[in-house]
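Have a look at the structure below before the remarks.
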Amino acid sequence: MASRYCRVVSSVRAVAPAKINLSLRVRALRPDGYHEITTVFHAVSLTDEVTVSAAAPGAGRTVTTTGERAASVPGGDDNIAAKAAVALARHAGLAVPDVAIDIAKSIPVAAGMAGGSADAAAALVGLKRLWNLDIADADLVGIAAQLGSDVPFSLMGGTARGIGRGEMLTPVLSAGDLHWVVALSDTELSTPAVYAEWDRLLAAGLVEAAGDAADADAPLLAALRQGDPRAVAAQLVNDLEPAAVALRPHLRAVIDAGVELGALAGLVSGSGPTCVFLAEGREAAIALAAEMAGTGLVRGVRRAVGPAPGARVVV
């Protein structure tokens, strides 16, 4: 659908949240190369900030990234935020745009918390405002799904159940806040590498593919509605955790340490290698973060609260 536009501002700043998979159940590989999953996404208060600005004619897409491990983030048209700019322009019937994209990273890079997806989602909402586009939210979600499986949730935020590749979302009621301690790893893990390891473990009979029972996450959804962190902790599950631990064995020691130090539960976030720990409340999270920082097992810790809102323009 073509869309008329008139740029009325010179730059727009937007933010988007990190995600934690409260539940991630993996099925066998699909013919299109993706794995069928069911997941419960939970957005948390760690955010990346993306500023989009008009660039000189012929400049193309320039991407500048600052923050921890910024050097490992792709630049130019290889960056997912630049891909978002091209996809949005094409959808709107515009020429391929000249735009400067500045990303300030707070979400850990290649860490299983959808930092790249957050950047793409922030770029989409920022450019929609920059170019004054009249595009329906459903169309924006469709563009997001073409960019990556987690990008639609980065737009939505809150808590949601995802099926398919994770891009088909249903909002989930979550009462109260959940307080998390995020343990940062010295290493990175690529999502394709973790899924490939899961496939290897499946072939070796060391993991099992999830069934297709629609009510598998019913106890977790009930716990979220109740707002009971202990009940939520009892239902946390990540089928990719064995694969992540097989590739980075020290993650098992990190998880065990967090639980021994008082976390209600700990698990690898998504494809890892970040580990996340659910705490009883704010004070418990503060204490746990301090204890985890002193273990020598992690390069740093962050505290986060969820659910958090999705990608949004910052005024």
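Dividing the alpha-carbon radius of gyration of the chain by 2.2 N^0.38 Å (N being the number of residues), what value is obtained?
Taking N as the residue count of the chain, the ratio is 0.99.
Short-range pairs are left out: with C-alpha atoms under 8 Å and at least six residues apart, the relative contact order of the range 178-306 is 43 percent. Taking every alpha-carbon pair under 8 Å whose residues sit at least 6 apart, the chain reaches a relative contact order of 26 percent. Cross-link reach is defined here as a Cα-Cα straight distance under 17 Å, omitting same-chain residues fewer than 8 places apart; for residue 19 the lysines meeting it are 105. Between 0 and 90 degrees, rounded to the nearest ten: what's the tilt of helix 282-293 against the longest Cα principal axis of the chain? Roughly 80 degrees, rounded to the nearest 10. Within the same chain, aspartates and glutamates fewer than 8 places from residue 128 are excluded, and of the rest, those with a Cα less than 12 Å from its Cα are 137, 139. The distance separating the Cα centre of the range 33-88 from that of the range 245-306 comes to 26 Å. What the pair-distance distribution of the range 218-279 shows, using all Cα-Cα distances binned every 5 Å from zero, is 4, 20, 25, 22, 16, 9, 3, 0 percent.
Along its principal axes, the range 69-189 has C-alpha extents of 43, 36, 24 angstrom, given from the largest down. Summary: within the chain, the longest segment free of trypsin sites (Lys or Arg not before Pro) located in DSSP loops with at most 14 other C-beta atoms within 10 Å is 8-298. If I take every Cα pair under 8 Å that is 6 or more residues apart in the range 11-172, average their sequence separation and divide by the length, what percent do I get for the relative contact order? Once divided by the residue count of the range 11-172, the mean separation gives 30 percent.
The convex hull defined by the C-alpha atoms of the range 1-133 has an orientation-averaged projected area of 9.3 nm².
What the Cα convex hull of the range 178-306 gives, in volume per residue, is 105 Å³.
Computed from Cα positions, the angle between helix 80-92 and the longest principal axis of the chain comes to roughly 50 degrees.
Helices in the chain, meaning DSSP H runs of at least 4 residues, each add -39500 (n - 2.57). Divided by all residues, the mean residue ellipticity at 222 nm is -9500 deg cm²/dmol.
Values quoted throughout were computed directly from the atomic coordinates according to the rules given, and no laboratory measurement underlies them. Here the structure is a predicted model, which is why all the values come from computation and not from measurement. Methodologically, a virtual Cβ is constructed for each residue, glycine included, from the backbone with ideal geometry; neighbour enumeration extends over all protein chains shown.
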